[in-house]
Structure formats: structure tokens, C-alpha cells
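Here the structure comes first, spelled out in C-alpha cells, and everything after it is commentary.
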Amino acid sequence: MTARKQIGVVSKQSCSNAVRLMIENLKNGATNIKVPRRRVTLDSQLMSYWEREARRLDVMAANARWGWMARTYARKAERARAQGARSAAREAERRAGAAPGPQEGEPQT
């Protein structure tokens, strides 16, 4: 019987060495792991979403077969940028320490 090499299987010895090395790096503070800054507030998450959506719509507009579709995608991209700008303004107010005022459609108390 011949031994087959299994793809994606790591020996127990090399796995434990890798884990040991990771633990040593963490203890020494010598990590090269870059963790992206997490967006905490809803407005900051919406900023990222609308930026991505605008880029996606721009690509779709550039690849559109008909001019009317390209214009439609371009208008949607502009609306997405406007939404992102609103969220960015609210986030800037929050960071400045000012309490955000009532939003459109919200009753004033």
C-alpha cells in the first residue's frame, strides 16, 4: 500500500510549531497582523457602504451597453455619494462632540 499525499493536511508537528510561534510573537508584541479599523457607528458604516455602492455603480455605468442605462447608473451613483456625504456630516458632528440634530422626517421634540 502506498501512502497518498493529502492536499491541505498539515502534520501535527508543524501545526503545533506554527501555533507556538504565533503565541511567542503575540507575547513579544512582534505581530505583523494588520487589523482594519472597525467602523462602530451606523453613520460610519453607512459611509463605507455608500462609497462602495457609488464605485460599483460607476463601473456599471462605464460598462453599460446603452447610453440611457449609463446615465441611470450615473444618477444612482450621485445619489449614493449624496447619502454618503450626509452620513459623513453626521459622523463629523458626532466626532466634534455636538449632538446631531433631528434628521429629515423626524419630529422635533
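Just so it is clear, none of the values below were taken in a lab; they were calculated from the coordinates. Just so we're clear, the structure is a prediction, and the values are computed from it rather than from any experiment.
Mind checking the full-extension length gain between Arg79 and Glu24? Use 0.36 nm per residue of separation minus the Cα-Cα distance, one decimal, nm.
Numbers: separation 55, 0.36 × 55 = 19.80 nm, distance 4.94 nm.
So the extension gain works out to 14.9 nm.
By the gyration tensor of its Cα atoms, with a ≥ b ≥ c the square roots of the eigenvalues, what is the shape of the stretch 50-93: rounded for a/c under 1.5, prolate for a/b over b/c, or oblate? Intermediate values should be presented prior to the final figure.
Working: a/c = 6.34, a/b = 2.90, b/c = 2.19.
Prolate.
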